[in-house]
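Notes for the one structure printed next.
The values are calculated or read from the model by the stated rules, or taken from the named source; none is laboratory data. Remember, predicted model here, so these are calculated numbers, not experimental data. So basically every Cβ, Gly included, is an ideal-geometry build from the backbone, and we count neighbours across all protein chains shown. Note: accessible area is taken over every heavy atom of the protein model, side chains too, but ligands, DNA and RNA are not part of it. Shrake-Rupley method; radii C 1.70, N 1.55, O 1.52, S 1.80 Å.
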Amino acid sequence: MADKLIIFDTTLRDGEQSPGASMTRDEKLRIARQLERLKVDVIEAGFAASSNGDFECVQAIARAIKDSTVCSLARTNDRDIARAAEALKDAARARIHTFIATSPLHMEKKLRMSPDEVLEQARLAVRFARNQLDDVEFSAEDGYRSEMDFLARICEVAINEGATTINIPDTVGYAIPELYGHFLKTLREKVPNSDKAVWSVHCHNDLGMAVANSLAGVKIGGARQIECTINGLGERAGNCSLEEVVMAVKTRRDFFGLDVGIDATQIVPASKMVSHTTGFVVQPNKAVVGANAFAHASGIHQDGVLKARDTYEIMRAEDVGWSTNKIVLGKLSGRSAFKQRLQELGVMPDSESEVLAAFAKFKELADRKSDIFDEDILALVNDESVTAEKEQYGFVSLTQHSETGERPYAEVVFTIDEKEFKGVSDGNGPVDASLKAIESHVKSGAELLLYSVNAITSGSTESQGEVTVRLQNAGRVVNGVGADPDIVVASAKAYLSALNKLHSKAERVAAQG
């Protein structure tokens, strides 16, 4: 175990706490399957006790995933832990992850408990969790701002009660790499039974150092588990990025001397799936998964790369799942070729009906767009209208008119509970008119927080546009995503997608580990 670094992915739990990033059960299940293809060691599927919806998500993922450990978060109380154990009972491998705050600030202001009370609650919770499952993780929330002696006591107690993993989070992103690494090293030296557990790091990115802190926790502090998310997704400034820590350890194995079991070729597909599902666009200069991560604009760089790739490239683009925008299918392609390409891309839907629905969308797109790229196919498979069982709102058609000097107007035909309605409105532009046309009939009262457009493929004006719309209503924040070669149509689809999520009243109870 000393030479293996465990990758614990919390995209579906901590990552989902980003405002607007909450996911449906089917979306979570799809991402969990991609994480399994990525060969993530542990998938934190959710917080089973927070709502019936989250319980069902954890349960569904536990039943579907065979190669990764499935984990549920739980506070240090019997109800949460029992609920987590129930959701995980059908998992091939399961873990309960229980946590309590240990910093003086959190204990006094949030928990309103004394250190001795916190210690005893942690003791009883880990004992109860270990009676449910053999694999138990204990997290000391806000651990980095905790007093060293108290933190050492509570970690020792947790290990004595059967915790197999001890996690020391930098919950608020306050740490500095060298200090955090030595903090963890000192802590492990103070805990007499530290060798009986795997030590874990969970760092937030408030100062932009989550990856650096995590790697310092491994190299200096002796941690052998990193908790991270795809694209660094997470509340506030996000979490430690899975793709960055994995490729850092793989690329600099000479320094870290550790193995990771991740299939790096699945990193980019996972990044694109999470980005599409949540509506959080990956910035072009993002390490490893950004569109420009392997682009060379400088003439000197281009010349060097053409002569020898390793002059400026420390990784190969194809090693992390990038491929050229090659044309793979056209309007004459049949269903068998389409299914084969889905399998090659690692995104085969669960049911034949979903394959047929995606194929129908593909044929429709091929009639309007001559060149179909891998990115177009991924967008089709991720399209909620393909995978959703039944939505309240659905797009039918759009007509809009705009010309210089005249106020644009739009007519949008859409369904509400499978009945067609038409909305008409003018606006400051065709997109504004289209969204107002929908709202003129729906009257949701939602506030538009974000509107963004991203090209699914590059290098052509024929590219599909992917639009993200973020709405807020009564304190609920949701994202809707729509894709179409026509940006105005994509905008209407995205708005209706967001309305569907607003209509779904699934609860979300935030928890911080």
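Details
- Cα-centred dipole magnitude for region 64-202, charges only on beta-carbon of K, R (+1) and D, E (-1), debye, nearest 20: 220 debye
- Expressed in Å, the radius of gyration and Dmax of the Cα atoms of region 406-487 are 14.0, 41.
- A Förster radius of 30 Å, combined with the Cβ-Cβ distance separating K4 from N52, puts the computed FRET efficiency at roughly 0.25.
- Accessible surface of the chain, 1.4 Å probe, proportion on carbon and sulfur as whole %: 49 percent
- Dipole size of the chain about its Cα centre, with +1 on Lys/Arg Cβ and -1 on Asp/Glu Cβ: approximately 460 debye, rounded to the nearest 20.
- Highest mean first, the peptides 40-49, 182-191, 197-206, 83-92 sorted by other C-beta atoms within 10 Å per residue fall in the order 40-49, 197-206, 83-92, 182-191.
- Per residue, in Å², the accessible surface of region 95-162 once ligands and nucleic acids are set aside, probe 1.4 Å: 43 Å²
- Dmax and Rg, reported as Rg then Dmax, of region 157-243 (C-alpha, Å): 12.7, 37
- Peptides 431-443, 391-403, 52-64, 227-239 ordered by packing proxy, namely the average of other Cβ atoms within 10 Å per residue, highest first: 227-239, 52-64, 431-443, 391-403.
- Paramagnetic label zone (point 7 Å from Cα along Cα-to-C-beta, T265; backbone N under 20 Å) in region 34-74: 34-41, 67-68
- Pairs spanning more than 18 Å between alpha-carbon atoms, out of K28/K66; K286/K501; K219/K272; K185/K219: K286/K501; K219/K272.
- Rounded to the nearest 5, the antiparallel percentage of DSSP beta bridges internal to the chain is 50%.
- Counting only protein heavy atoms and using a 1.4 Å probe, the accessible area of Y174 comes to about 140 Å².
- Taking a Cβ cut-off of under 9 Å around K39, the surrounding Lys, Arg, Asp and Glu residues balance to a net charge of -3, with basic ones at +1 and acidic ones at -1.
- Listed residue (I100, T165, L35) projecting farthest to the positive dipole end of region 26-173, Cβ model: L35
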